[in-house]
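Encoded as structure tokens, the structure appears first; notes follow it.
The values are calculated or read from the model by the stated rules, or taken from the named source; none is laboratory data. In this text the structure is predicted, and so the values were computed from the model without any measurement. As a convention, Cβ positions derive from the backbone with ideal geometry for all residues, glycine included, and neighbour counts pool all protein chains shown.
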Amino acid sequence: MSKSSKRTSGRLASIMVAVSVITLSLLNGGGAYAYDETSHSAQNVDTKGVGLHGYDPVAYFTVGKPTAGSEKFEATYEGVRYRFSNAANREAFTKEPAKYAPAYGGFCAMGASLGKKFDGDPNYWKIVNGKLYVNVNADVDKAWKEDPAANISKGNQNWPEIKDKTPKDLL
């Protein structure tokens, strides 16, 4: 078997594992958070319109870890209320919101690469080329991180077609 065939076979196996993990996760109650499976929104928000489950999107870039935001420090971008851990992070966000807002509206990056919209858990994340990506759980995050470049490429191809569909319609 050629190296190219082995890579393709390995990639297919990773995708199949990711689909299985996501499916099992959803059958067992999903991720750590609830999200609206019937919403047509391209933004993953809670019932109050808060994105990233209230975590500070700037903190991933400045402190390198998920950091809870506060209702005291909020800013809105593309209809999503983001929360920040301090005024400085809110200020940075308002100056360059596209830099800090999560890819795929905060939906799971692996899901987007598979043509699906799953909840994004802010505890499973990676910054790639200056963009924040979140995934639904640890197993999916691990599979996505095996080849972030390929998964981002596929997610970017799928996103225009799936972004306005409901997560439920994509299952």
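List of remarks:
- Within region 44-64, not a single residue is more than 16 Å from Tyr133 (Cα to Cα), touching a helix residue (DSSP H, G or I) at 6+ places or on another chain (Cβ under 6 Å), in a loop (DSSP other than H, G, I, E, B) and not acidic (Asp, Glu).
- Region 70-83 residues that are more than 14 Å from Val58 (Cβ to Cβ) and surrounded by fewer than 18 Cβ atoms within 10 Å (Cβ to Cβ), paired with ones that are basic (Lys, Arg) and modelled with pLDDT of 95 or more (beta carbon under 9 Å, 6 or more apart): Glu71/Arg83; Lys72/Arg83
- Looking only at region 104-160, and only at residues there that are under 21 Å from Glu78 (Cα atoms) and among the aliphatic types (A, V, I, L, M), the one that is surrounded by the fewest Cβ atoms within 10 Å (Cβ to Cβ): Ile127
- Scanning region 137-156 for residues that are more than 15 Å from the chain's Cα centre (by Cα) and not hydrophobic (A, V, I, L, M, F, W, C) yields Glu146, Asp147.
- Scanning region 43-60 for residues being closer than 11 Å to Glu74 by Cα and surrounded by fewer than 24 Cβ atoms within 10 Å (Cβ to Cβ) gives a total of 2.
- When Glu37 is tested against (1) in contact with a Leu (Cβ under 9 Å, 6 or more places away or on another chain); (2) crowded, with 17+ Cβ neighbours inside 10 Å; (3) among the charged types (D, E, K, R), just one condition goes unmet, and that condition is (2).
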